[in-house]
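Only one structure is covered here, and it is reproduced in the block below.
The values are calculated or read from the model by the stated rules, or taken from the named source; none is laboratory data. Given the structure is predicted, the values throughout are model-derived calculations rather than measurements. All accessible areas refer to the heavy atoms of the entire protein, side chains included, with ligands and DNA or RNA removed. Shrake-Rupley method; radii C 1.70, N 1.55, O 1.52, S 1.80 Å.
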Amino acid sequence: MKSRLAVCVLVATGLALASVSAIAQNQGRGQGGQQGGQQGGQQYGQQQRQAERAMNQDRSMDHDRLQERERDRTQDRQQAQVREPAAPAAGGGAGDDIYGGNLMTAEERNQYREQMRSLQSEQERNEFQSRHREQVQLRSRERGVPIEVTSD
């Protein structure tokens, strides 16, 4: 895609340079006097507009490419979360990943860790994590923000 952009820019630049050169040659020879100069000026203006259109198309293509890249990144993150839904480890240590941590305040993340540390059995931790997931998914839908797994 970058090479396509470079080719378009080179073509547009070449057209502009060729038209300037042709105008200079026509004026230097004195062909048609003032009428030849007007025609050359019109031709130059037309070529300049073509070059501007090509540059605008290039900008539009770049913008579209950036949007597509961001959409792909978002989809990749969402698919990774579906494949590997990360949940805190049984120990609930301070460095553990938190499902939906991007939707929580720092205080909520700390409370989450403390709660995980205080739970005694695997069953209690699983129930707590299940409730937490439901809350995070609800927040995600309300805010329109994708869920991310954070380590803080």
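Some notes on this structure:
- Solvent exposure of E70, expressed as accessible area, is near 80 Å², computed with a probe of 1.4 Å over the protein chains only.
- Our coupling estimate for the stretch 122-129, obtained by passing each phi through the Karplus curve with A = 6.51, B = -1.76, C = 1.60 and θ = phi - 60°, is 5, 5, 4, 5, 4, 5, 4, 5 Hz, Gly and Pro reported as x.
- Taking amide H atoms as placed 1.01 Å from N in the peptide plane, the amide H of V149 lies under 5 Å from those of G100, each 5 or more residues away in sequence or on another chain.
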